[in-house]
Amino acid sequence: MLRVSASPHVRDNATTSRIMLDVCIALVPAIIASYFIFGARAIALIVVTVASSLFWEWGSRRLMKRDNTLGDFSAMVTGILLAFNLPVSFPLWMAAVGSFFAIVIGKQIFGGIGMNFANPAILGRIVLIVSFPAQMTNFMVRNDIVQLGKAVTQYDLVSQATPLAALKQGESSFTYLQLFLGQHGGVIGEVSIVALLIGAAYLLVRRIIGPAIPLSYIGTVMILVWLAGQDPIYHLLSGGLVLGAFFMATDYVTSPITLPGKIIFGLGCGIITSLIRIYSNSAEGVSFAILLMNVLTPHIDRITKQRPIGGRKSVQNQKF
Amino acid sequence: MFGLRGVHPRSNKHTSESELVVINEVKSVRIPMAMQIGPGCKVCVKKGEDVKVGQLIGEPIAGMSVPVHSSVSGTVTSVKPQVKSDGTMMEMVEIESDGLFTVHESVKPPTVTNKQELIEAVRAAGLVGLGGAGFPTHFKLNPPPDKKIDRLLINGMECEPYITSDEFVVRNRLEELCLGISTVMRLCEIPVGIIGMEVNTPEAIKIIDHATSSSPHLADLDVTIKSVPACYPQGAEKVMIRNLTGREVPSGKLPHDVGCLVMNIGTARYIGHYLLTGEPLTRKYITLDGSAIKVPGIYDVPIGASIDEIVQLTGGYTDKPGKVIMGGPMMGVAVDNVEMSIIKNNNAIVVLDSEDSQIPEEHPCIRCGRCVRVCPMYLMPTELDQAGRKHDIATLTEMSVMDCIECGCCTFVCPAKRYLVQNIRIGKAVFRQHQQRLREQA
């Protein structure tokens, strides 16, 4: 019996699950860093968000009588990224609530992967910030990390204002190296810039992401804060900018498809983040920026469509 | 040179150095009355009649039609409609071969001294575009008088995996190729000729580059080689025109609208062959390859021979064949029946085994944009795919569905394994239906 199907009859070996798995791999350096900076509870938080994300996805699809999509690893990516957006002291049950909003409300009720209007992890984080503001802003970090260089006998978690919050108070006593290595408080996935950049390099080399969105996002923030008289490198190394620009703003489903669209998207994220960081009471602007630009993505796509060969008006009158 | 867009399937050019093997032991041939774009021919032989090689068996019915000739000598055993590879029914002449390949008396080299005689000769040869599209060559050589042609582009790209038939022509039929190019340029008064080839055939490029200065046919003509990095589908007509001349064919228009005449290298060679011998098109060089073919190679086969007979005569299948493709794996047509005839515009038969022919399951689109980045026509396949599934005429029109060349690059790279080309074809059918309705209402 011969198989008959439409051409082409060969495919390359990229798959959705392989792409998602590559993202998980890229997040491993930051997972390891979170253990060293925040302790074992950071890992517990990641386990809870990943397990609950997988459960919510499996359960909601089962209820809706749809096929099981756990094999595409996208729920796992959402779980890890959601955990990365939480402080280490965040109650585990609240984390599971966050993943419910991320997976079920943010993705499954719209039809599953490919249909969501916003990055599920960002949506989950914003729901949690609005619902549990105190727990979401109780930033703790391992004592020995903060006191690097001094002999410390206890490895407890201590509270500490994040670098951006400190900046708003007028103190910025963190060195660039401390910021780069993540020796300060914050949510568990955003602080270790070095670990995030290793992962980002992996994604770029594997061509999972392109440089357009990260560069236009980060570049815009650095230029705008510099124009506002603040230190662009401090801003680059603080808050969720690197995490957001490389791992969340680049989500395929919720960002524009063409290169001009991506650049506009990154620009928009950068403007909103900068405005929030400079002028608002909130120290953090990445989540809201990405969410707002996600909403604008269909409109950006509409004005940045790729024009075919022979389709541009200029071609009609070409001389040769 | 523009940034090349396309994909890089495994080239699998295993038969690049193969010796030509002539296959004549076929028991019978089944020749359809149209092996071209446009209307075909009317049968002009009867059941029981004896025919010879090169004898006319189908008379053209329209200006665009090219005649059909017998590829064997023997007796006509049937004249009846049978199923073609695209599923439609077509009148076919079945001839039992006597194995002698006696040539008909009418076969003799033509006299060609001007453009009109060239066009008549090319038509009498039954020549269509041998690159796969099957466009009647005599028609192509005769564009409307207001279209001035200043570039002859010879397509030697052969970008599909496996296929090496064109490379064979360059290495082994160089004189005929040069004569063909030279005649077309001189008699059609085309000042500049460019031969496009992919860099992965360095031997062939050297041979033909040398010929542009050393061959008596080409020496005083402006003919150059342009070698293009290997990237499927740089051999696609509109892509090649842009690569070789910088000109873009406007949507819905033809190469002659930008002063170009594009011709496959095998077609150009056949013009030379016909001028020297007068033999009409009755045989093809076919690349036979794929994981289910025991003895891959380049075979000289009579037109009308069945795929199955050719495979059996050349060594057979390795295992049970999973998919039989007329053409290459990117744009070829999968057939459901190995008795299909090899026709004028076939260049290859690729037979994949069971494992290689698995059809993957579709997953949802994740908007990764790979299809958009590889599309050589700068379309947005994911949008066309959605619009095709939904019969969304507005989007199909806005996103220029008819500009799609169905090269398969989008589907090749899609990580969700979506059947993009399939649904774009449905989109085109829906669009044509809509245009038809508009015409009827007007």
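A few points about this structure:
- Bridging of residue B:320 to aspartates and glutamates at a Cα separation below 20 Å is possible for B:289, B:308, B:309, B:336, B:339, B:353, B:355, B:356, once same-chain residues fewer than 8 apart are set aside.
- Within a Gaussian network of chain A (alpha carbon springs, distance under 10 Å), most fluctuating of A:55, A:84, A:246: A:55
- Listed residues A:4, A:48 arranged by accessible area, highest first, probe 1.4 Å: A:4, A:48
- Cα long-axis angle, helix A:212-227 against chain A (0 to 90 degrees, to the nearest 10): 50
- Projected area averaged over orientations for chain A, convex hull of C-alpha atoms, nm²: 22.1
- For residue B:13, the lysines whose Cα falls under 16 Å of its own Cα, not counting residues fewer than eight places away in the same chain, are B:294.
- Surface composition of the protein assembly as shown: carbon plus sulfur atoms contribute 59% of the solvent-accessible area (1.4 Å probe, protein chains only, all chains present).
- Over the stretch A:243-317, the alpha carbon radius of gyration divided by the compact-protein estimate 2.2 N^0.38 Å works out to 1.35.
- Using a Förster distance of 30 Å, the FRET efficiency for residue A:282-residue A:25 (Cβ separation, nearest 0.05): 0.40
- Rounded, prolate or oblate (a/c below 1.5 giving rounded, otherwise prolate when a/b exceeds b/c) for chain B by Cα gyration tensor: rounded
- Highest mobility in the GNM of chain B, judged by mean-square fluctuation with C-alpha springs under 10 Å and restricted to B:248, B:49, B:309, is found for B:49.
- Across A:167, B:384, the residue with the most accessible area heads the list, and the full order at a 1.4 Å probe is A:167, B:384.
- The lysines within cross-link reach of residue A:107, meaning a Cα-to-Cα straight distance under 26 Å and a gap of 8 or more places when in the same chain, are A:65, A:262, A:305, B:390, B:417.
- Residue of A:170, A:240, A:199 that the Gaussian network model of chain A assigns the largest fluctuation, springs spanning Cα pairs under 10 Å: A:170
- Virtual spin-label span in nm between residue B:147 and residue B:402, 7 Å along Cα→Cβ: 1.5
- For the stretch B:1-48, a crude dipole built from +1 on the beta carbon of Lys and Arg and -1 on the beta carbon of Asp and Glu, taken about the Cα centre, is about 380 debye to the nearest 20.
- Length available on full extension from residue A:17 to residue A:62: 0.36 nm per residue minus the Cα-Cα distance, which gives 14.2 nm.
- When the C-alpha to C-alpha distance is required to be over 21 Å, the pairs from B:84/B:238; B:147/B:253; B:108/B:284 that qualify are B:84/B:238.
- Projected onto planes of every orientation and averaged, the convex hull of the alpha-carbon atoms in the protein assembly as shown covers 38.8 nm².
- Helix-only [θ]222 nm of chain B, DSSP H runs n ≥ 4, -39500 (n - 2.57) each, per residue, nearest 500: -8500 deg cm²/dmol
- Gyration tensor verdict on the stretch B:218-264 (Cα atoms; rounded if a/c is under 1.5, prolate if a/b is larger than b/c, oblate otherwise): oblate
- Shape descriptor for the stretch B:1-123: Rg over Rh equals 1.08 (Cα atoms; Rh from the Kirkwood inverse mean 1/r).
The values are calculated or read from the model by the stated rules, or taken from the named source; none is laboratory data. Quick caveat, the model's predicted, so the values are computed rather than measured. Note that each Cβ is placed from the backbone with ideal geometry, even for glycine, and that neighbours are counted across all protein chains shown. Ligands, DNA and RNA are stripped out before the accessible areas are found, and what is left, the full protein with its side chains, is counted by its heavy atoms. Shrake-Rupley method; radii C 1.70, N 1.55, O 1.52, S 1.80 Å.
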